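Structure, as structure tokens:
The values are calculated or read from the model by the stated rules, or taken from the named source; none is laboratory data. Nothing here was measured: the structure is a model prediction, and the numbers come from that model. Cβ coordinates were reconstructed from backbone atoms using ideal geometry, including for glycine residues, and neighbour counts include every protein chain displayed.
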Amino acid sequence: MYYPSGKKNIVVTGGAGFIGSHLCDLLVSQHHVICIDDLSTGSIENIEHLLANPDFELMRHDLVLPLELTKLPELKKFQVEFQGVQEVYHLATPSTPKDYEGNPLKTVLSSSHATYNSLLIAKQWNAKFLFTSSSWVYGNADSAKLIPETYWGYVDPVGSTAPYAEGKRFAETLVYWFAQQYKLDTKIARLASIYGPRMKLGSGRQIADIIGRAMKNEPIELKSNQADTLTVVYVLDIIEGLLKMMASDEHGPMNFSANTSYSLQDVISAIKAITASTSEVIEKNEIELHQHAMLDISLAKERLGWYPVVTMEDGLKKTVDSIRSMQMRKH
């Protein structure tokens, strides 16, 4: 297909965030990337290496408010007025426990208003639209079973995690019915247990918190115990899945997660070995870790040929190396 600017114009909302910045890295090598982020939870450090790239443009904007791309002088170089936008990846929402627990109303509005305004951008240009949902839509499921996309979920609509979990559920509904009414090509990807470079230390994500404490040789406190299990999937594996889904005829919902689980003891041992940490492990045995069961990713394997390939050990080493490099740059 011919594009007046020579390349696709692709919008990435939340593009300065943990996952979004990695997505921008890959997309900008072949396309024009319009990164929309208010930097409330994202970080300029995640995308500072892209700011001088002529095919990348950061628009600092809170998508709770509408945004008209054709009125932005910064985007004239992409000829948006004539070419429009071909794809929209919507990732903008507070996603770590400290983010959504610290600002629950912002999280709810991101799931509702920001999703609606992102859909309006796609509608204006008849662009393909991919929404990154979460395994939190399943709520507390039976940890002994793989959870398929057909499971409806069990979520507390007013609990402490409701702004994120119920927000994602509502956003999925909004995306689905918007597509039905306006005949848009939309896709819903449900992500789970992602880790990798650019994670926020001390964010409330378990892997990030363990790495942060291990690097400082501080005690690693577990609400549960080391026998509990968790699934972890490397961020670039997830990015590959999103790209494959956008290029496909699949609409979802579709699960993207790890295809195996690890004990907390194995994860902590690997992190301590990588960081040469002397941290002790404190088990509180207060709750079980199984907030979510392992997701069934057979649909993504069958329809997209996708499955995670980065091992836990390799992924953790790359994550720790990245965090060390970032800390050195700050100093």
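Restricting to region 243-262, what's the tally of residues that are within 15 Å of residue 309 (Cα to Cα) and either of a type in the set (A, V, I, L, M) or out of contact with any helix residue (DSSP H, G or I) (no Cβ under 7 Å at 6 or more places or on another chain) (or both)?
4
Test residue 270 against the stated conditions and say whether it is of a type in the set (Gly, Ala, Ser) and in contact (Cβ under 8 Å) with a residue 24 or more places away in the chain.
Answer is yes for this residue.
Might you check whether a residue that is over 17 Å from the mean Cα position of the chain (by Cα), of a type in the set (D, E, K, R) and at pLDDT 95 or above occurs anywhere in region 171-186?
yes
With 283, 302 as the choices, which residue is in contact with a strand residue (DSSP E or B) (Cβ under 6 Å, 6 or more places away or on another chain) and either under 30 Å from residue 11 (Cβ atoms) or of a type outside the set (Lys, Arg) (or both)?
Exactly one residue qualifies, and that residue is 283.
Filter region 159-198 down to the residues that are among the β-branched types (Val, Ile, Thr) and touching a helix residue (DSSP H, G or I) at 6+ places or on another chain (Cβ under 8 Å) and list them by number.
Selection gives 161, 175, 186, 188, 194.
For region 88-113, which residues satisfy the criterion of being at pLDDT below 95 and in contact with a strand residue (DSSP E or B) (Cβ under 9 Å, 6 or more places away or on another chain)?
Listed by number, the residues that qualify are 92, 93, 95.
Sort through 44, 10 and tell me the only one that's in contact with a helix residue (DSSP H, G or I) (Cβ under 6 Å, 6 or more places away or on another chain) and among the hydrophobic types (A, V, I, L, M, F, W, C). First the steps, then the outcome.
Working: 44 fails: in contact with a helix residue (DSSP H, G or I) (Cβ under 6 Å, 6 or more places away or on another chain).
Of 44, 10, the one residue that is in contact with a helix residue (DSSP H, G or I) (Cβ under 6 Å, 6 or more places away or on another chain) and among the hydrophobic types (A, V, I, L, M, F, W, C) is 10.
What are the residues in region 293-320 that are over 22 Å from residue 229 (Cα atoms), free of Cβ contacts under 8 Å to residues at least 60 places away in the same chain and surrounded by fewer than 16 Cβ atoms within 10 Å (Cβ to Cβ), if any?
301, 302, 303
Exactly one condition in (1) free of Cβ contacts under 8 Å to residues at least 12 places away in the same chain; (2) over 19 Å from residue 257 (Cβ atoms) is false for residue 150; which is it?
(2)
Can you find a residue in region 209-228 that is touching a Phe, Trp or Tyr at 6+ places or on another chain (Cβ under 9 Å), touching a residue at least 24 places away in the same chain (Cβ under 8 Å) and among the hydroxyl-bearing types (Ser, Thr, Tyr)?
no
If we only count helices (runs of 4 or more DSSP H) wholly inside region 88-189, which ones have 3 or more residues that are of a type in the set (Gly, Ala, Ser) and more than 17 Å from residue 66 (Cα to Cα)?
Fully inside region 88-189 and qualifying: 162-182.
Among the candidates 300, 293, single out the residue that is modelled with pLDDT under 95 and aliphatic (A, V, I, L, M).
None of the others qualify; the one that does is 293.
Residue by residue through region 31-63, note down the ones that are surrounded by fewer than 21 Cβ atoms within 10 Å (Cβ to Cβ), modelled with pLDDT of 95 or more, among the hydrophobic types (A, V, I, L, M, F, W, C) and outside any helix (DSSP H, G or I).
Of everything in region 31-63, those that are surrounded by fewer than 21 Cβ atoms within 10 Å (Cβ to Cβ), modelled with pLDDT of 95 or more, among the hydrophobic types (A, V, I, L, M, F, W, C) and outside any helix (DSSP H, G or I) turn out to be 51, 52, 59.
Here is a yes/no grid of residues against (1) over 13 Å from residue 132 (Cβ atoms); (2) small (Gly, Ala, Ser); (3) surrounded by 18 or more Cβ atoms within 10 Å (Cβ to Cβ):
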residue	(1), (2), (3)
185	yes, no, no
195	yes, no, yes
208	yes, yes, yes
215	yes, no, yes
255	no, no, yes
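Filter region 111-120 down to residues that are touching a helix residue (DSSP H, G or I) at 6+ places or on another chain (Cβ under 7 Å) and surrounded by 19 or more Cβ atoms within 10 Å (Cβ to Cβ) and give me whichever is nearest to residue 154 (Cα to Cα).
Here the residue is 111.
Does region 64-78 hold any residues that are farther than 15 Å from residue 124 by Cβ and not in a helix (DSSP H, G or I), and which are they?
Result: 64, 65.
Report, by residue number, each residue of region 115-145 that is within 20 Å of residue 178 (Cβ to Cβ), under 19 Å from the mean Cα position of the chain (by Cα) and either of a type in the set (Val, Ile, Thr) or at pLDDT below 95 (or both).
Matches in region 115-145: 115, 132, 134, 137.
Among the residues of region 127-173, what is the count of those that are of a type in the set (Asp, Glu) and within 19 Å of residue 117 (Cα to Cα)?
2
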